[in-house]
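Data block below; observations after.
No lab work stands behind these numbers, since they all come straight from the coordinates. For clarity, every value in this text was computed on a predicted model and none was experimentally measured.
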Amino acid sequence: MAFSTKFAGLAEAFSDYKEARFVVLPVPYEKTTSYGKGTINGPEAIIDASRFMELYDEELKANTAESGIATLKPLVVDDAPEVLTEELRKSCAKILRDGKFPVVLGGEHTISLGVLLAVKESFKDVTVLQFDAHADLRDEYGGSKYSHACVMGRIREHVPAVQVGIRSYSDDEVEKVERERKNIFIASEMHERDCVKDIISRLGKNVYVTFDVDAFDPSIMPSTGTPEPGGLGWYDVLRILREVSNKRNIVGFDAVELAPNPSVKAPDYMIARLIYRVMGYVNQEYLSRKNVSVKK
């Protein structure tokens, strides 16, 4: 599998790996999804949609692409999740050793563990910030401990996690959710009170953000395997991410579980914009020192 374009459709001068601050790694992996399928096509849809974004960011009043966004060839692993996890760990460890910021595009949520393991090798005091409709705290699902439904269970074995937008979990997960309740922000409660300061207070110095697109309400994000009602809005998410970026050090990001619908392009474009905005939040100080022109 090979994609025909680079994130944001950037010219070589702004997508060269050596000079880029951000590195996009597509991971079209789908082995354990349990309802709607199609996440294998998510990375390509995001990259394709990103070509149509304006590179000037109206909120940040800056052009994030000036700092360089390299796009790697897709990491294609047609094997068990355990194998994928190790391959991703190695790929992301190199990106981090090279002083780059990894942006990983799924594929199913299983991918996040491998990225987190690489981040943990490079940074101390790491917390995972998960945006998601589902707790993903099962110990095993479908015969695998590495299923997408178990990813936060595995991640919590390595680092603390704060889970945001949660509104669906199984009988088997109830005890775990109650035990970790101070670090799990239920979507209905988030609609009733301002939780941003509480979310940030639970985070360590360095934050790895994993964003399952079903954190968004299905009215704006229908293109996902299990679209749960009562989700977050665009500005809800941006406010949290903006404040996290201001108060903590975001060290990596993934976007997962987009199952694109060829007839409905808005969700693909929204996730491309979200990724670009996160890059901008991470990059604000750097951009303030730059004054170059970017052309697609």
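The table that follows gives values for the structure above.
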| read-out | value |
| --- | --- |
| In degrees, nearest ten, helix 81-97 long axis to first principal axis of the chain (Cα) | 40 degrees |
| Acute angle (nearest 10 degrees) that the helix 112-122 long axis makes with the longest principal axis of the chain, alpha-carbon atoms | 70 degrees |
| Cα-only radius of gyration and Dmax that characterise the stretch 142-223, units Å | 13.5, 39 |
| Mean residue ellipticity (222 nm) of the chain, computed from DSSP H runs ≥ 4 via -39,500 (n - 2.57), nearest 500 | -9500 deg cm²/dmol |
| Overall dimensions of the chain as given by Cα atoms, namely Rg and Dmax in Å | 17.6, 54 |
| Distance from the stretch 40-56 to the stretch 117-140 (C-alpha centre basis), Å | 25 Å |
| Choice from R202, R156, R179 showing the highest fluctuation, given a GNM over the chain with Cα pairs closer than 10 Å | R179 |
| With Cα atoms, 0 to 90° folded angle of helix 266-287 axis to the chain main axis | 70 degrees |
| Average Cα contact separation per residue, the chain, under 8 Å, 6 or more apart, as relative contact order % | 24 percent |
| Flagged links, alpha-carbon separation over 22 Å, of K197/K265; K6/K31; K94/K120 | K197/K265; K6/K31 |
| Set of aspartates and glutamates with alpha-carbon distance to K61 below 14 Å, sequence-local pairs under 8 removed | E285 |
